[in-house]
Every structure is written in structure tokens, then in C-alpha cells.
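Here is the structure we will look at.
The values are calculated or read from the model by the stated rules, or taken from the named source; none is laboratory data. From a predicted model like this one, the values you see are computed outputs, not experimental measurements. Neighbour counts are summed over all protein chains in view; Cβ atoms, including those assigned to glycine, are modelled from backbone coordinates with ideal geometry.
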Amino acid sequence: MPLVKRGRVVEDPYLRVVDDAPIPDGAAVIVPAARFLADAAELSRRSAPTGLIWPNDRKIAELAPWLDRLALIALTFPNFRDGRAYTQARQLRERYGFRGELRATGEILRDQFLFLTRAGFDSLEVKKAADAAAYAEAVGRYSVFYQPSANGFAPAQRRRLLGSTAGGERTATTADLAS
């Protein structure tokens, strides 16, 4: 599946490792949640970036002890009607302060691209490379929002009250993500 990051299709630097396969030294890897939890202490000591695929039916709190050692968390959308991964993304960003890469994977529709960004996702796996252009267009469509979001952009009211750069607030728009 093509990987979209900052509005462009990019090469995925992570190698997916299946349940019992050996983990290569020095390579960035993504492992299934069950494998990570079974070997969390060992995997968190790796010198190369480690990520995991987290199902949407597990609690994020299970990851809390390991979040500072994870470079990437891929949250799963098993179908386009199941939005639990949005909640997980917001929890990771807002409650747990996760600053690594959040990736959306699974059944994602073009209509959801902007919402994924607003929920805190950095990258997404899409079905077709042409979806990258649709993603860039979606995140560039609106420059101001009234609701707060997990992606760090200040809502319109705060921007008005504080000015465009006051207080070190991040005041960029989602259009910045498309470039």
C-alpha cells in the first residue's frame, strides 16, 4: 500500500515483521501488537526505530509504559464506519503526549483524510497512489477551524485573541501539511 506523508507518496522506511519472524538489526520495524507486548522490554532497547500496529479494540493505556520508546504507532481502521482509531489517536496525542509518528491503516475513505489529520495522524496508508493528491487537496481546502484539534493548530478564536504568533502557539494551518 502506498504511504502518504505531508501530501506526498513516500517510501515506507519501516519493514513489517510478522509474528515469529526474526527482527533485523539496524532496520526500522513495525511489529504486531501482541508481539510487541510479549517482547516489549527487548524491543524497546533496540537502537533502530520500532513501531507497532495497534488494533482499535485494545486500550491505549496498555502502551503507556512504552510510548517514549516507540517511533511509530499504526492505528487500524478495520472498516470505514469504525472510528475508534480516531479516539485512540486523540488519546495518544492529548492524554499521553505521544510525539512519534501516528499512521492510519486499513479501510480509509478519501472523505476521512482531513479528519485523520485533525485527530493527530501524520501519515496514512492508502489503496492507490492517486489518493495522495486527494489527501493534499483535502488538507489544503480549509485554512481555519473553530474546533480545537490534536494536530496542534490553534482554533480561530485562540488565533484571534492571541494574535498569529503570541504565546508560542502553533498557528499554522492544515495547508502546511500538504506541502
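Details
- Options Arg58, Arg99, Arg81: the member that is part of a loop (DSSP other than H, G, I, E, B) and more than 19 Å from Gly120 (Cβ to Cβ): Arg81
- The lone criterion from (1) over 20 Å from the mean Cα position of the chain (by Cα); (2) surrounded by 14 or more Cβ atoms within 10 Å (Cβ to Cβ) left unmet by Pro55 is number (1).
- Residues within region 25-38 that are on the phi < 0 side of the Ramachandran plot, at pLDDT 90 or above and either aliphatic (A, V, I, L, M) or part of a loop (DSSP other than H, G, I, E, B) (or both), tallied: 9
- Candidate set: region 39-67, residues that are of a type in the set (S, T, N, Q) and under 22 Å from Met1 (Cα atoms); chosen: the one modelled with the highest pLDDT: Thr50
- Subset of region 112-128 that is outside any loop (DSSP other than H, G, I, E, B) and in contact (Cβ under 8 Å) with a residue 40 or more places away in the chain - its residue that is farthest from Val10 (Cα to Cα): Arg118
- Some residue of region 102-109 being touching a helix residue (DSSP H, G or I) at 6+ places or on another chain (Cβ under 7 Å), aliphatic (A, V, I, L, M) and free of Cβ contacts under 8 Å to residues at least 24 places away in the same chain: no
- Test for Thr50: is it buried (at least 17 other Cβ atoms within 10 Å of the Cβ), within 16 Å of the chain's Cα centre (by Cα) and hydroxyl-bearing (Ser, Thr, Tyr): yes
- Residue within region 14-24 that is crowded, with 17+ Cβ neighbours inside 10 Å, of a type outside the set (Val, Ile, Thr) and outside any loop (DSSP other than H, G, I, E, B) present: no
- Test result for Ala138, at pLDDT below 95, in a helix (DSSP H, G or I) and touching a Lys or Arg at 6+ places or on another chain (Cβ under 6 Å): no
- Any chance Ile73 is β-branched (Val, Ile, Thr), closer than 26 Å to Ala132 by Cβ, modelled with pLDDT under 90 and in contact with a Leu (Cβ under 8 Å, 6 or more places away or on another chain): no
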